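The values are calculated or read from the model by the stated rules, or taken from the named source; none is laboratory data. What you see is a predicted model; the values in this text were computed from it and never measured. Please note: Cβ atoms are built from the backbone with ideal geometry, for glycine as well, and neighbour counts cover all protein chains shown.
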Amino acid sequence: MNSDKQTKYTQAIWQITEQLREAEELDEALSNALTVILECIGCEAGSVWFLHKDSNRVQAAFNIGTESIAGISVENGQGIVGQVTKTGESIIVEDTSKDERFSSSVDEEMEFVTRSIICAPLKDQYETIGAIELINKLDGNSFDKDDLSLCEQLASLAAIAIGDRGLAIGEIEEKRTIISLRDIKKEYQVGDGVLQVLRGINLDIYENEFLVVLGESGCGKSTMMNIVGGMDFPTSGSLTIEGKDFSTPDEKALTQYRRDYVGFIFQSYNLMPNLTALQNVQFIAEISKNPMDPAVAIEKVGLASRADNYPSQMSGGQQQRVSIARAIVKNPTLILADEPTAALDFTTSIEVLTVIEDIVKNQGTSVMMITHNTEIAKMANRVVKLKNGQVSSIRFNMHPLSASDLSW
Ligand SMILES: Nc1ncnc2c1ncn2[C@@H]1O[C@H](COP(=O)(O)OP(=O)(O)OP(=O)(O)O)[C@@H](O)[C@H]1O
Ligand SMILES: [Mg+2]
């Protein structure tokens, strides 16, 4: 290292030590430290990630230089950051386009291009607690060993400060898990070959959350949802519902689960044409264990005045609201919705989303919704992205929007 660089680096270490000592909050200390590191090394963006042991995921606490990635998490072991937290070893990626360890899923979300990365573990006295990642040198070069060694030193200073001060890592509140998918795989025999549709899905669904699933057409969203809904079986992996193992199909238990626990909403409304709105809902209430009054369900979706109309007398949005009433009349714990607004225009979509929002807020229900509309994802508590049959990222949304705030 030349002496100019050495001086600059020594100053940075000094500055960061100071900041870590003075700051009252861990986040403040680390974000100040990150600013110094970015300026000193001269890079475009940087982020600090923490490992959450319970969920075995690594979550971005904050970042500088790009649109916020706070709340995004990846599996421990997955991607560059995940490998650093898993192994406790630093990684330097000189050229992301030539390095297969790099996954571009976060970039795609941010419309950002990562060229070069260094990532160093945050280790306290006992274990790896997270990682610091730096992206793209401003001078256009790739990162070198000097940069990595500085980043490592700063990361260890930061980790020691965290340990010494007993500063708590701001863990995002996790709700009770109702359904767990572990290493769920799904294969289809197609001609002579095997089509791998789900390649090891790991996902928890929490109580009373609005979960949105995004991903390109064909990536396996509906397949995953059908497995969660007990309408299809995985080839391997484990599915746990309320602590009970559902990995091996037990028809009786599954029928009960589908009937009492889950409500379904699809893109097509599937209403019975010769029954009125109310009768369509009554029909489901009659076969449920713990239904609400069908008239109340119809009222909750804002269709009290339309209760006696037949589907053919109603608009698409109204018919979809009847199908929501049919899903909620069972008082389900979970509602699965596969592109429920795909066939609707903007105004009717918002009407339908408002009803779904109300169900999550006031009924304590969880909703898992598949959509292609990224604007709808802004309403979610968490956004799961699937890519090629795997969960590529999960984002916790700190400030979900109301349906009425969306526009497209
Ligand atoms: N019964 C089946 N037999 C063979 N292949 C299937 C079967 N069901 C689904 N697939 C294939 O599995 C892949 C994933 O399908 P899936 O319906 O889960 O995608 P998706 O993410 O919901 O897509 P979209 O956004 O278009 O609805 C597709 O390539 C599909 O062709
Ligand atoms: Mg689908």
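Among the residues of region 56-98, the one identified as modelled with pLDDT under 85 and among the charged types (D, E, K, R) is GLU67. The strands (runs of 3 or more DSSP E) falling completely within region 1-97 that include 3 or more residues that are farther than 20 Å from VAL384 by Cα map to 43-52, 91-93.
Taking region 288-304 as the search range and keeping residues that are assigned to a loop (DSSP other than H, G, I, E, B) and closer than 13 Å to SER323 by Cβ, which one is modelled with the lowest pLDDT? So the residue we want is VAL301.
Against the conditions (1) within 16 Å of the chain's Cα centre (by Cα); (2) farther than 15 Å from SER236 by Cβ; (3) within 15 Å of ligand 2 (Cβ to nearest atom), GLY220 satisfies every one except (2).
Could you please let me know if VAL213 is at pLDDT 95 or above and near ligand 1 (Cβ under 10 Å from one of its atoms)? Yes; evaluated as a whole, the condition is true for this residue. Restricting region 380-392 to residues that are away from ligand 1 (no atom under 16 Å from the Cβ) and of a type outside the set (D, E, K, R) leaves a set whose member that is surrounded by the fewest Cβ atoms within 10 Å (Cβ to Cβ) is ASN381. Put simply, of GLY364, GLY316 the only residue that is among the small types (Gly, Ala, Ser), in contact (Cβ under 8 Å) with a residue 24 or more places away in the chain, under 22 Å from PHE283 (Cα atoms) and more than 16 Å from ligand 1 (Cβ to nearest atom) is GLY316.
For region 363-375, a residue qualifies if it is within 15 Å of ligand 2 (Cβ to nearest atom) and among the hydrophobic types (A, V, I, L, M, F, W, C), and the qualifying residues are MET368, MET369, ILE370. Being of a type outside the set (S, T, N, Q), away from ligand 2 (no atom under 16 Å from the Cβ), touching a Ser or Thr at 6+ places or on another chain (Cβ under 6 Å) and farther than 24 Å from MET292 by Cβ: is that true of LYS185 here? Spelling it out, LYS185 is indeed of a type outside the set (S, T, N, Q), away from ligand 2 (no atom under 16 Å from the Cβ), touching a Ser or Thr at 6+ places or on another chain (Cβ under 6 Å) and farther than 24 Å from MET292 by Cβ.
The condition of being assigned to a loop (DSSP other than H, G, I, E, B), within 16 Å of ligand 2 (Cβ to nearest atom), not assigned by TED's automatic domain parsing to the domain that holds SER68 and not charged (D, E, K, R) holds for ALA342.
For ARG259, the test of being under 30 Å from VAL384 (Cβ atoms), in contact with a Lys or Arg (Cβ under 8 Å, 6 or more places away or on another chain), away from ligand 2 (no atom under 16 Å from the Cβ) and modelled with pLDDT of 90 or more is passed.
For (1) in contact with a strand residue (DSSP E or B) (Cβ under 9 Å, 6 or more places away or on another chain); (2) hydroxyl-bearing (Ser, Thr, Tyr); (3) buried (at least 20 other Cβ atoms within 10 Å of the Cβ), each residue gets a yes or a no:
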residue: THR177; (1), (2), (3): yes, yes, no
residue: LYS185; (1), (2), (3): yes, no, no
residue: TYR188; (1), (2), (3): yes, yes, no
residue: GLY193; (1), (2), (3): no, no, no
residue: PHE246; (1), (2), (3): yes, no, yes
residue: ARG258; (1), (2), (3): yes, no, no
residue: SER268; (1), (2), (3): no, yes, no
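For ASP139, the requirement of being more than 16 Å from ligand 1 (Cβ to nearest atom), exposed (fewer than 15 other Cβ atoms within 10 Å of the Cβ) and modelled with pLDDT of 90 or more is met.
Per-residue answers, yes or no, for (1) more than 16 Å from ligand 1 (Cβ to nearest atom); (2) without any contact (Cβ under 8 Å) to a residue 12 or more places away in the chain; (3) at negative phi:
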residue: SER217; (1), (2), (3): no, no, yes
residue: PHE233; (1), (2), (3): no, no, yes
residue: SER238; (1), (2), (3): yes, no, yes
residue: ALA253; (1), (2), (3): yes, yes, yes
residue: ALA277; (1), (2), (3): yes, no, yes
residue: ASN280; (1), (2), (3): yes, no, yes
residue: GLU286; (1), (2), (3): yes, yes, yes
residue: PRO291; (1), (2), (3): yes, no, yes
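Screening ALA377 against (1) within 16 Å of ligand 1 (Cβ to nearest atom); (2) assigned to a loop (DSSP other than H, G, I, E, B); (3) among the hydrophobic types (A, V, I, L, M, F, W, C) leaves a single unmet condition, (2).
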